[in-house]
1. Listed residues 324, 292; which is more than 15 Å from ligand 2 (Cβ to nearest atom) and touching a residue at least 12 places away in the same chain (Cβ under 8 Å)?
2. Answer with yes or no whether residue 328 is touching a Ser or Thr at 6+ places or on another chain (Cβ under 9 Å) and crowded, with 22+ Cβ neighbours inside 10 Å.
3. Identify all residues within the range 214-239 that are near ligand 1 (Cβ under 10 Å from one of its atoms), touching a residue at least 60 places away in the same chain (Cβ under 8 Å) and not polar (S, T, N, Q); write none if there are none.
4. Check residue 168 against each of (1) away from ligand 2 (no atom under 16 Å from the Cβ); (2) closer than 22 Å to residue 261 by Cβ; (3) without any contact (Cβ under 8 Å) to a residue 24 or more places away in the chain and name the one condition it does not meet.
5. For the range 212-224, which residues satisfy the criterion of being more than 10 Å from ligand 2 (Cβ to nearest atom) and not polar (S, T, N, Q)?
6. Tell me, yes or no, whether the range 274-282 has at least one residue that is within 15 Å of ligand 1 (Cβ to nearest atom), part of a helix (DSSP H, G or I) and under 27 Å from residue 234 (Cα atoms).
7. Just to be sure before I move on: is residue 305 of a type in the set (Lys, Arg), within 16 Å of ligand 1 (Cβ to nearest atom), surrounded by fewer than 22 Cβ atoms within 10 Å (Cβ to Cβ) and more than 12 Å from the chain's Cα centre (by Cα) in the structure I sent?
8. Looking at the range 90-116, I want the residues that are among the hydrophobic types (A, V, I, L, M, F, W, C) and have a partner that is part of a helix (DSSP H, G or I) and surrounded by fewer than 17 Cβ atoms within 10 Å (Cβ to Cβ) with Cβ atoms under 7 Å, at least 6 apart or on another chain. Which pairs are those?
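Derivation of every value follows stated rules applied to the coordinates shown; laboratory data play no part. As the structure is a computational prediction, the values presented were derived from the model and not from experiment. All Cβ positions, even for glycine, are placed from backbone atoms using ideal geometry, and neighbour counts span all protein chains on display.
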Amino acid sequence: MAQASYSAEQLAIRQQENSMISPGRLRPAPGKQDLHDRYWPPVTPFGGLGGDLARFLALPVSGQASALVALRHDPDEHGRVLHEYLSVIYAYLFGYRDGPCTDATDDDLEISILTGKITLERELVDYWLADRPIPDFINQLDAADYLDEFAESNPGVTHPLFDFLRDEATNDQIARFLQCEVVRNEVVDDEVALLVTGLQGSQKAVTAANLWDECGRGRLENFHTYWLRELLQATEGWESLTQFRMTFPWFARITSNVFAALLTRPAHKLMAYGCFLLSESWVEPHFRRILDGMERAGITDNGIRIYFAAHVAIDPRHSRELSDGIRAQRPLLTPAKVQQVVRGAHLASAAGVWQFDRMLGYLRSFPD
Ligand SMILES: [Fe+2]
Ligand SMILES: [Fe+2]
């Protein structure tokens with residue numbers, strides 16, 4: 001029997017002629033309208049730079065660098081300044097309403113913000129988050145195998161913060177941790193969107209697929225950030241999160257700031273990829289412990305649990321795809337690029353341990 005044969009052109013058209021947005025998907029599902037009507041991320045409009053940051057940005061570059069060097073003797077104060085300043089700068093770069101110059105341009109201010117960004121990130125990546133030696137790889141296959149192994153063995157995976165949440169945390173401590181988790185994850189879809197730019201071939205394909213998952217594969221109620229909306233709704237937490245942001249602990253921004261620093265510096269793009277691979281890989285062991293802790297504390301509401309339960313199921317695939325994206329990458333990554341991916345994963349691990357250590361101390365003393 002004769003087989004239907006298609007030209008290359010017809011095959012390409014057939015593969016993409018159907019929309020990935022099926023009819024009706026661009027409207028919220030019944031009963032979900034109220035949550036979609038809210039601005040996301042749940043931040044209030046920009047209210048000014050703050051005196052310390054404004055003074056820092058007004059310094060010449062050499063003065064900014066010296067001011068940061070002078071803080072090195074106190075890693076926590078050093079970290080606080082770096083992360084508090086950078087979080088304002090990343091609010092600007094992500095373009096949401098809590099950032100400066102996201103409603104209207106201001107050339108002078110934006111020039112000073114971008115200059116300060118480079119000074120702060122230099123200090124963050126090269127000094128505050130100083131690298132320990134990392135193994136040398138010149139081949140992307142060896143590096144991908146190593147990253148799979150490192151993803152399971154690095155010290156952030158089994159950090160005691162997550163055993164504490166599983167075994168000991170009170171309902172108040174869990175509630176406070178969840179607020180920090182909402183802020184940490186509220187713009188992950190945009191972080192992944194930034195990761196897509198500048199990648200090639202298989203790495204771009206797996207990252208774009210990850211972004212499509214983040215965007216609910218076109219279903220508004222399956223955006224991963226929508227599950228955070230559900231968490232806030234189920235905990236009646238919209239207003240209290242706004243209040244909490246006024247005193248938000250700087251160390252809860254470490255991992256997202258480090259990722260943003262790598263994402264927004266073109267020469268660090270492959271470090272950002274390694275950083276993301278590592279952070280996807282520890283989601284499953286961390287979120288399992290969080291879910292077990294909720295169970296122990298009697299938190300069974302699906303609206304609170306869905307973000308964590310869904311990621312336990314999805315993220316092991318995401319991390320596999322990210323390491324396969326390295327294996328399949330063509331053109332082959334140069335040894336320098338291979339090394340950047342590995343370095344990014346190590347920076348993610350170091351940033352995670354910094355954050356988890358301080359978060360554990362903070363929660364243990366909460367609500368004192
Ligand atoms: Fe996600
Ligand atoms: Fe993911």
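1. Details: 324 fails: more than 15 Å from ligand 2 (Cβ to nearest atom).
Answer to the check: 292.
2. Details: touching a Ser or Thr at 6+ places or on another chain (Cβ under 9 Å): yes; crowded, with 22+ Cβ neighbours inside 10 Å: no.
No: the conditions fail for residue 328.
3. Result: 224, 227, 228.
4. Among (1) away from ligand 2 (no atom under 16 Å from the Cβ); (2) closer than 22 Å to residue 261 by Cβ; (3) without any contact (Cβ under 8 Å) to a residue 24 or more places away in the chain, residue 168 violates only (2).
5. Of the range 212-224, the ones more than 10 Å from ligand 2 (Cβ to nearest atom) are 212, 215-223.
Within the range 212-224, 212, 215, 216, 217, 218, 219, 220, 221, 223 meet the criteria.
6. Within the range 274-282, one or more residues are within 15 Å of ligand 1 (Cβ to nearest atom), part of a helix (DSSP H, G or I) and under 27 Å from residue 234 (Cα atoms).
7. Numbers: of a type in the set (Lys, Arg): yes; within 16 Å of ligand 1 (Cβ to nearest atom): yes; surrounded by fewer than 22 Cβ atoms within 10 Å (Cβ to Cβ): yes; more than 12 Å from the chain's Cα centre (by Cα): yes.
It is true that residue 305 is of a type in the set (Lys, Arg), within 16 Å of ligand 1 (Cβ to nearest atom), surrounded by fewer than 22 Cβ atoms within 10 Å (Cβ to Cβ) and more than 12 Å from the chain's Cα centre (by Cα).
8. Sorted first by the residue in the range 90-116, then by its partner, the pairs are 101/109; 101/110.
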